[in-house]
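Just so it is clear, none of the values below were taken in a lab; they were calculated from the coordinates. Please read all numbers here as calculations on a predicted model, not as lab measurements. Positions of Cβ are generated from backbone atoms using ideal geometry, with glycine treated the same way; all protein chains shown enter the neighbour counts.
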Amino acid sequence: MPSLPARGMAMLQRSEDNGRLWREEIRATLALAWPLILTNIAQALIHVTDVVLLGWAGPSVLAAGTLGVNIYFAFLIFGIGLVTATAPMIAKELGERRHSVRDVRRTVRQGMWAAVALTLPVWVVLWFSGPILVAIGQDPVLAADAQLFVRALQWGFLPYLWYLVLRSFISALEKPLWSFVVGVAAVIFNGIVNYGLIFGHFGLPRLGLAGAGMGSAMANTLMFVGMALVVTMHRRFRRFRLFGHFWRADWQRFREVWRLGLPIAVTLALEITIFNAAVFLMGLIGAESIAAHAIAIQLAALSFMVPMGLSQAATVRVGLAYGRRDRAGIARAGWTAFALGTGFMSLTGLVMLAIPYALVTMFLDPGLPANEGVIPLAVSFLIVAAFFQIFDGAQVVAAGMLRGLQDTKVPMIYAALGYWVIGLLTGVGLGFGLGWHGVGIWIGLAAGLAAVAAMLLARWMRRERLGLADWRP
């Protein structure tokens, strides 16, 4: 029987080993997450650039472009969710067999096939975006202009989804920096080319809205081509020969991508559409509420890029541990990303509580009489957003943790219940039933996010009891 000092030394050694493993996990998560965070910001800047340039062209051009972006993005977010399935699939395969090549190539190829299968009908729908916008009550002139924009923009839909598949591949190999490099190049290209095509500079034709769509489609294509060159030529990636036998059917893996990706796509769509619904509810209150909502949601969306990147990192890190059948590694990977994500959002929430007026007046001039009613509304929304931040970070990272275990169907149901039952009913009840107006709607959004976060976290904590880590073939 070991002596007391010997047992004490053994316990101390185990404690030191455990601490070392947690420190290594924190370093690995941060190393994977920061390029993903910056890549998310870079991709968002492409659409921000379009809005700024179209705003320079005039309010009617901006309005038509905004309508076009909204209808395009409704389909794009669904596609993003679908191809996101490739990240946990590749991570699991690499966790099971560190030097796996064939299975990784199968997943990448069928992820790209799934993107094609989705894109073909989406192209048909987007081609008739004008009549769709008119059918939902939009101005026919703006709808016709929006259609010109979408018909040019839609050709970047498939290249962008293919880019995301390749980004999942290099992220699963824990080398995401290249996606950031390619993303930054695309932002610069998009700004220069769109400026030229919208206004007719640099010897390019003046195409207005159609030029904006064309430039963004070209930027998306550049992202895919750039990433394709990286995975083809880089020493770490080229051994996978990702484009070899590209046209070879693999229906089993194709179905697996859809089985895992479709619930993710629906979940993202549920989240995006509840925020769209919030805009329409604000419209029932008044123009000032819409403007204040736009400012508060812009600040919230900016900080959201950090936990979203950590969520993507969590999917990969949990997926790698899942593939290794490492239960302790799964726990470390998930809780590390969760702590980092909620910790960051807690800090941003404190900033919003401390200086809401200063943040709002970064966007609105307090000296303008037109802003007198908007600024106090935006400040009140931002105070609610401080709590909203924590819940938003918790739900997105928890969703990424569960995706690493390839658990997507039940989280989809949670999203429907949380956003569209708890969140919407709370927002409508407080905003219109109790007369809290915009603040009530924001409390509803926060309640929906909190409910989803709580349900996802409870499922993560019961993952072994629920059989989410049973490693069935």
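For the pair Leu368 and Asn18, the difference between a 0.36 nm per residue extended length and the Cα-Cα distance amounts to 120.2 nm. Once the chain from Val116 to Leu30 is taken as fully extended at 0.36 nm per residue, the excess over their C-alpha distance is 27.7 nm. For the pair Arg206 and Phe73, label points projected 7 Å from Cα toward Cβ lie 2.9 nm apart.
Given R0 = 22 Å, the distance between the Cβ atoms of Ile136 and Val421 translates into a calculated FRET efficiency of 0.35. For the range 364-473, trypsin sites (Lys or Arg not before Pro) meeting the loop criterion (DSSP other than H, G, I, E, B) and having at most 16 other Cβ atoms within 10 Å: Arg462, Arg465.
Note: the range 24-249, Cα convex hull, 130 Å³ per residue. Averaging 1/r over each pair of different alpha-carbon atoms in the chain and inverting the result gives 23.5 Å, the Kirkwood hydrodynamic radius. Computed about the Cα centre, the dipole magnitude for the chain is approximately 2560 debye when only Lys and Arg (+1) and Asp and Glu (-1) carry charge, each at its Cβ. Listing Val351, Val124 from fewest to most neighbouring C-beta atoms within 10 Å gives Val124, Val351. By the combined test of axial Cα extent (at least 20 Å) and Kyte-Doolittle hydropathy (mean at least 1.0), the qualifying DSSP H helices of the chain come to 59-84, 157-172, 177-199, 209-233, 251-285, 287-323, 327-354, 374-404, 437-461.
On the basis of the beta-carbon distance and an R0 of 30 Å, Leu434 and Leu466 show a calculated FRET efficiency of 0.20. For the pair the range 143-189 and the range 380-443, the centres of their Cα atoms are 28 angstrom apart. Given +1 at the Cβ of Lys and Arg, -1 at the Cβ of Asp and Glu and no other charges, the dipole of the range 263-473 around its Cα centre is 1180 debye to the nearest 20. Note on the range 263-473: the alpha carbon radius of gyration divided by the globular reference 2.2 N^0.38 Å gives 1.09. Across the options Ala450, Ile297, Ile37, the greatest Cα extent toward the positive end of the charge dipole of the chain (unit charges at beta carbon of Lys, Arg, Asp, Glu) belongs to Ile37.
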